[in-house]
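> My questions will all concern the structure given below.
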Amino acid sequence: MTNVPAFAWSDLPSLCLNFATLSLISVGGGMAVVPDMHRFLVLESRWLTASQFSDSVALAQVAPGPNILFVALMGWYASSLSLGVWAAPLVATLCLLCMVGPSSVLALYASRWMERHHEVRSVKAFHNGLAPVVVALLFSSAVYVYPSKTMTLHDLALAVLCLTAFVLLLKTRMNLMLLLVAGATAGALGLV
């Protein structure tokens, strides 16, 4: 077991404030702020190991339901060893509420405002300008979640498949489900 600093009840406000702040800047969803979560939870606070962090993200991605549930797993991991298993559900719930609450309220009011002003040129420009920001944030998250440090032939094949799917999605009117089925088939056959 690695030497991980104990999470205390006095750390809860800091943890909740961090997730609430990230909630407000998570343009593109929770995956867009994974690098900052990693910085705070693993590198600075050391409440999670790199393995626990990656496991939380991976488990939430394959589980049914919204993928933001990894935030609850991070709260669980951070608190269960030091505060006990009885406190972990409370901390996990608070982390999740802090991550989805502020952005939900902001999205509600911003969408209503944008709906009323959708024909204004600056609103259109802002809306169109967010797309590359979201793609860049999601790409940076993939760098933190993907554990490989060296590029193998398998990694290269996977990268080519992802890039091809991305280009097809942007340049054609191909149905997204066809691309998902193609990727799943390639994975099932062991090609990637």
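> List every residue pair whose Cβ atoms sit under 6 Å apart, with the two residues 6 or more apart in sequence or on different chains, where the first one lies in the stretch 5-23 and is modelled with pLDDT under 90 and the second, anywhere, is open to solvent by 40 Å² or more (accessible area, probe 1.4 Å).
From the stretch 5-23, the pairs are Pro5/Arg46; Ala6/Ser82; Phe7/Ser82.
> List the residue pairs whose Cβ atoms are under 6 Å apart, where the first residue sits in the stretch 34-50 and is under 15 Å from Cys95 (Cα atoms) and in contact (Cβ under 8 Å) with a residue 40 or more places away in the chain, the second is open to solvent by less than 20 Å² (accessible area, probe 1.4 Å) and of a type in the set (Phe, Trp, Tyr), and the two are 6 or more positions apart or on different chains.
His38/Phe53; Trp47/Phe7
> Considering only residues that are at pLDDT below 85 and exposed (fewer than 11 other Cβ atoms within 10 Å of the Cβ), which ones fall in the stretch 120-130?
Asn128, Gly129
> Sticking with this one: Out of the residues in the stretch 37-50 that are in a helix (DSSP H, G or I) and open to solvent by 40 Å² or more (accessible area, probe 1.4 Å), which is farthest from Leu83 (Cα to Cα)?
Across the stretch 37-50, the extreme among qualifying residues is Arg39.
> Just the residues that are outside any helix (DSSP H, G or I) and either touching a Leu at 6+ places or on another chain (Cβ under 6 Å) or loosely packed, with under 13 Cβ neighbours inside 10 Å (or both), please, taken from the stretch 80-119.
Gly84, Val85, Trp86, His117, His118, Glu119
> Taking Met74 as the residue in question, decide whether it is at pLDDT 90 or above and either in contact with a Ser or Thr (Cβ under 9 Å, 6 or more places away or on another chain) or under 21 Å from Val134 (Cα atoms) (or both).
Against the criterion (at pLDDT 90 or above and either in contact with a Ser or Thr (Cβ under 9 Å, 6 or more places away or on another chain) or under 21 Å from Val134 (Cα atoms) (or both)), Met74 qualifies.
> Please go through the stretch 167-184 and pick out each residue that is under 30 Å from Ser51 (Cβ atoms) and open to solvent by less than 90 Å² (accessible area, probe 1.4 Å).
Selection gives Gly183, Ala184.
> To continue, here is another question. What single numbered condition from (1) surrounded by 16 or more Cβ atoms within 10 Å (Cβ to Cβ); (2) outside any helix (DSSP H, G or I) fails to hold for Ser56?
Only one criterion is unmet by Ser56, namely (2).
> Output the residue which, of all residues in the stretch 74-95 that are in contact (Cβ under 8 Å) with a residue 60 or more places away in the chain and under 16 Å from the mean Cα position of the chain (by Cα), is nearest to Cys16 (Cα to Cα).
Cys95
> Okay, moving on. Just checking, does the stretch 13-36 include any residue being within 19 Å of Ser82 (Cα to Cα) and of a type in the set (Phe, Trp, Tyr)?
no
> Can you name the number of the only condition in (1) in contact (Cβ under 8 Å) with a residue 12 or more places away in the chain; (2) farther than 17 Å from Ala20 by Cα that Val100 fails?
That leaves (2) as the condition not met.
> Suppose we filter Val71, Val134 for residues that are in contact with a Leu (Cβ under 6 Å, 6 or more places away or on another chain), among the β-branched types (Val, Ile, Thr) and touching a residue at least 24 places away in the same chain (Cβ under 8 Å); which single one remains?
Val71
> Of all residues in the stretch 94-123 being β-branched (Val, Ile, Thr) and touching a helix residue (DSSP H, G or I) at 6+ places or on another chain (Cβ under 7 Å), which is farthest from Phe70 (Cα to Cα)?
Val123
The values are calculated or read from the model by the stated rules, or taken from the named source; none is laboratory data. Since this is a predicted model, take the numbers as computed values, not measurements. Ideal geometry is used to build each Cβ from the backbone, glycine not excepted, and the neighbour counts take in all protein chains shown. When the accessible area is computed, the model is the full protein with side chains, heavy atoms only, and any ligands, DNA or RNA have been set aside. Shrake-Rupley method; radii C 1.70, N 1.55, O 1.52, S 1.80 Å.
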